[in-house]
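> Once you've had a glance at the structure underneath, I'll fire off some questions.
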Amino acid sequence: MRTLTSGHFIELWKEFWTGNREDKVGGGDENLAEASQEEVIEGLRKSKRRFKLYPVLTEKGTMTILDGKTRKKADPTWPEQEIEIKDPKDRVLIPLHANYRRQVSKKETQTYLLTLADMLEKEGVQPQEMVSKITELTPFTERYVRKLLPKKYKMAQMARLPRKKLRN
């Protein structure tokens, strides 16, 4: 099992997913979002019998699953890759980057972004800087982050934008 540092993992994902991604949460099959948990697990079992794609990502030392809980439910022997966590925010950032490749509900993504915003606030990031900071750390566009965060961050960020002059 190969170990990556969390920073290296995040940089690899950013490199892999650079390009015009617009505001999509990820690629993936839209029908998958409507599938039941059991259907997803069964589909993963079929995939694993044929290919060993996307290892389960675990935290080095604790073996806490960072990404791949459903894959582990499908097969407890699913291959794993350990990731060394350098910063507690990495526990939130890794699933965001790992899941960018697939369709993830807005609610799930929003939960991660709100958790990250809370962590960043505790580190001293001001509300008016939150959208920019989260955009810097995640694979999402500023517009998409602003769309998912509550007003407390949007209003502060929008106040910084230059206003257009109205013509008479």
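The values are calculated or read from the model by the stated rules, or taken from the named source; none is laboratory data. Since we're looking at a predicted model, the values are computed, not measured. With ideal geometry, Cβ positions are generated from the backbone for all residues, glycine too; neighbour counts draw on all protein chains shown.
> Report, ordered by the first and then the second residue, all pairs with beta carbons closer than 7 Å, sequence separation of six or more or different chains, a first member in the range 142-167 that is closer than 13 Å to SER132 by Cα, and a second member that is at pLDDT below 60 and charged (D, E, K, R).
So the pair list comes out as ARG143/ASP23; TYR144/ASP23.
> Considering only the range 128-156, state which residues are closer than 22 Å to VAL104 by Cα and basic (Lys, Arg).
LYS133, ARG143, ARG146, LYS147
The rows are residues; the columns are (1) touching a helix residue (DSSP H, G or I) at 6+ places or on another chain (Cβ under 9 Å); (2) surrounded by fewer than 19 Cβ atoms within 10 Å (Cβ to Cβ).
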{"site": "GLY61", "(1), (2)": "no, yes"}
{"site": "LEU66", "(1), (2)": "yes, no"}
{"site": "ASP75", "(1), (2)": "yes, yes"}
{"site": "LYS89", "(1), (2)": "yes, yes"}
{"site": "GLY124", "(1), (2)": "no, yes"}
{"site": "VAL131", "(1), (2)": "yes, no"}
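> What about VAL92, is it β-branched (Val, Ile, Thr) and within 18 Å of SER36 (Cα to Cα)?
No.
Let's see how each residue does on (1) in a strand (DSSP E or B); (2) small (Gly, Ala, Ser):
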| residue | (1), (2) |
| --- | --- |
| ARG49 | no, no |
| THR58 | yes, no |
| GLY61 | no, yes |
| THR70 | no, no |
| GLU108 | no, no |
| ALA117 | no, yes |
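> Please work out which one of (1) closer than 20 Å to SER36 by Cβ; (2) in a loop (DSSP other than H, G, I, E, B) is the condition ASP87 fails and give its number.
Here ASP87 meets the rest and fails (1).
> Suppose the filter is touching a Leu at 6+ places or on another chain (Cβ under 9 Å), modelled with pLDDT of 95 or more, aliphatic (A, V, I, L, M) and under 21 Å from LEU66 (Cβ atoms); does ALA98 pass it?
no
> So, one more: Only one of (1) free of Cβ contacts under 8 Å to residues at least 24 places away in the same chain; (2) closer than 23 Å to LYS48 by Cβ; (3) β-branched (Val, Ile, Thr) fails for THR115. Which number is that?
Among (1) free of Cβ contacts under 8 Å to residues at least 24 places away in the same chain; (2) closer than 23 Å to LYS48 by Cβ; (3) β-branched (Val, Ile, Thr), THR115 violates only (2).
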